[in-house]
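Engineer: Dumping the structure here so I can ask a few things about it.
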Amino acid sequence: MSLWGATDRDDPGELRQDSRAIFAKQEKDETSAMSELPAKDPLHGVKLESILIALVEYYGWAELGQLVEIRCFTTDPSVSSSLKFLRRTPWARTKVEKLYLHMLREKQRKGWID
């Protein structure tokens, strides 16, 4: 028997295949466990368009323009122009996403959503 637990009779190729099978099983178990857990990020899977439409329905363009001071919300606002701007401007997108999370907390506090 060698230091690694293999005997002279053990085929190195067989040991390699066994270890590959063990790692593949572990990887599969981790992947399935991850898919069963809910995402910790509340924005996970939510499209920017859905976020924007929800904010406009909740606040309206005028109030949204006051809360997030960007021109695409105050001057001739539309979903398409706002989406173009938000996709190209990380700081504005971050503000909109934070406002969306605030809106969700408010709705939950009021009992509008679970």
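The values are calculated or read from the model by the stated rules, or taken from the named source; none is laboratory data. What you are looking at is a predicted structure, and each value in this text was computed from that prediction instead of being measured. Neighbour counts are summed over all protein chains in view; Cβ atoms, including those assigned to glycine, are modelled from backbone coordinates with ideal geometry.
Engineer: Residues Leu64, Leu86: which one is within 20 Å of the chain's Cα centre (by Cα), at pLDDT 95 or above and part of a helix (DSSP H, G or I)? Step through it out loud before you land on a result.
Structural biologist: Details: Leu64 fails: within 20 Å of the chain's Cα centre (by Cα).
Every option except Leu86 fails the conditions.
Engineer: Considering (1) of a type in the set (D, E, K, R); (2) assigned to a helix (DSSP H, G or I); (3) modelled with pLDDT under 95; (4) surrounded by fewer than 10 Cβ atoms within 10 Å (Cβ to Cβ), say which one Lys40 fails and leave the rest.
Structural biologist: (2)
Engineer: Against the definition (at pLDDT 95 or above and surrounded by 12 or more Cβ atoms within 10 Å (Cβ to Cβ)), how does Leu48 come out, yes or no?
Structural biologist: yes
Engineer: When you check Leu99 against the structure, is it part of a helix (DSSP H, G or I) and touching a residue at least 60 places away in the same chain (Cβ under 8 Å), yes or no?
Structural biologist: Working: part of a helix (DSSP H, G or I): yes; touching a residue at least 60 places away in the same chain (Cβ under 8 Å): no.
No; evaluated as a whole, the condition is false for this residue.
Engineer: Can you work out which of the residues in the stretch 79-114 that are of a type in the set (Gly, Ala, Ser) and surrounded by 12 or more Cβ atoms within 10 Å (Cβ to Cβ) is nearest to Leu48 (Cα to Cα)?
Structural biologist: From the stretch 79-114, those of a type in the set (Gly, Ala, Ser) are 80-82, 92, 111; that's our starting set.
Imposing the further condition that a residue be surrounded by 12 or more Cβ atoms within 10 Å (Cβ to Cβ) reduces the set to 81-82, 92.
Values: Ser81: 13, Ser82: 10, Ala92: 12 Å.
Out of the qualifying residues, it is Ser82.
Engineer: Return yes or no: is Ala6 assigned to a helix (DSSP H, G or I) and at pLDDT below 95?
Structural biologist: On the way: assigned to a helix (DSSP H, G or I): no; at pLDDT below 95: yes.
The answer is no for Ala6.
Engineer: For the list (1) assigned to a helix (DSSP H, G or I); (2) surrounded by fewer than 14 Cβ atoms within 10 Å (Cβ to Cβ); (3) at pLDDT below 95, I need the number of the one condition that Glu69 fails.
Structural biologist: Glu69 satisfies every listed condition except (1).
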